[in-house]
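**Student:** Below is one structure. I have some questions about it.
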Amino acid sequence: MARAVSDPLGDQGLRERLVSAGLDALNDDGPVELTVRRVAEIAGSSTMGIYTQFGGRSGMLEAIYRRGFELLRAGLVTAFDDLTGPAAHDVVERIVAIALAYRRFALDNPALYAFMFERPLPGFDPSPQLRAEALGMTFTLLTDEVHRAQAAGLVEGDDPVRPAYLLWTAMHGITSIELTHAARSPLQGWFLDSPDAGERVYVEGVRALLAGLGA
């Protein structure tokens, strides 16, 4: 419910409140509700607050897009927290942990995930600079682990970007198909019939690709 508040120009929390409101609108009602009026209403702000903070709707959408990748990065950074003992230093297990954190983020935030990686708003195209920044926040975490795998002789080559990209696209593809399947009516007899089944297939796919990238 919108709050009736004023937006003094010195309000340092206004930008954060508007981004959070955008995430709420996206998660509750989908990208169609990412309008200046709707986001301002949820934030308890005036529409002028959005123009002051972001320059307009495109700037607001870019801020929400960036926040999505900040949240994804936070999830990937904590991917190793559950690894204990030898697994904490096993590069294959660390890559699998990153992959699982990626899938978890997508399943927990399907509308935001679609906004980040698809084109649900045809008129919105994040700038190349912003997309490069998003990759720097997230994809580089995977390339670092792939580089460690190469140093250990588990992945061929010495440039981690190409094998990391193959892993990333596999992670994205399997996850996106699972999300599409989950959003539709059940398919009788199809093996992807539960989140646990989806996770098993996902991990099998990541491990199979890692094995294929091996020396």
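**Student:** Taking Ile98 and the conditions (1) under 14 Å from the mean Cα position of the chain (by Cα); (2) touching a residue at least 60 places away in the same chain (Cβ under 8 Å), which numbered condition does it fall short on, given that it satisfies the others?
**Tutor:** (2)
**Student:** Could you check Val5 against (1) at pLDDT below 90; (2) under 21 Å from the mean Cα position of the chain (by Cα); (3) not polar (S, T, N, Q) and say which number it fails?
**Tutor:** (2)
**Student:** Right, another one. Need pairs with beta-carbon distance below 6 Å; first residue without any contact (Cβ under 8 Å) to a residue 40 or more places away in the chain and within the stretch 120-133, second β-branched (Val, Ile, Thr) and assigned to a helix (DSSP H, G or I); sequence gap 6+ or separate chains.
**Tutor:** The qualifying pairs do not exist here.
**Student:** Within the stretch 172-182, is even one residue surrounded by 19 or more Cβ atoms within 10 Å (Cβ to Cβ), at pLDDT 95 or above, more than 16 Å from the chain's Cα centre (by Cα) and closer than 21 Å to Tyr202 by Cα?
**Tutor:** No; the residues of the stretch 172-182 include none that is surrounded by 19 or more Cβ atoms within 10 Å (Cβ to Cβ), at pLDDT 95 or above, more than 16 Å from the chain's Cα centre (by Cα) and closer than 21 Å to Tyr202 by Cα.
**Student:** Those residues that are part of a helix (DSSP H, G or I) and either among the aliphatic types (A, V, I, L, M) or crowded, with 17+ Cβ neighbours inside 10 Å (or both), I need them from the stretch 183-204; list them, please.
**Tutor:** Listed by number, the residues that qualify are Ala197, Gly198, Val201, Tyr202, Val203.
**Student:** Regarding the stretch 75-93, can at least one residue be identified that is in contact (Cβ under 8 Å) with a residue 12 or more places away in the chain, surrounded by 14 or more Cβ atoms within 10 Å (Cβ to Cβ), within 24 Å of Val39 (Cα to Cα) and in contact with a Ser or Thr (Cβ under 9 Å, 6 or more places away or on another chain)?
**Tutor:** no
**Student:** Ok, one more. Show the residue pairs meeting these rules: Cβ distance below 8 Å; 6+ apart or different chains; first residue within the stretch 156-170 and on the phi > 0 side of the Ramachandran plot; second residue modelled with pLDDT of 95 or more.
**Tutor:** Once the first residue is on the phi > 0 side of the Ramachandran plot and sits in the stretch 156-170, its partners that are modelled with pLDDT of 95 or more give Gly157/Gln150; Gly157/Pro163.
The values are calculated or read from the model by the stated rules, or taken from the named source; none is laboratory data. Keep in mind that what you see is a predicted model, and the values were worked out from it rather than measured. Using ideal geometry, Cβ is built from the backbone for each residue, glycine included, and neighbour counts are taken over all protein chains shown.
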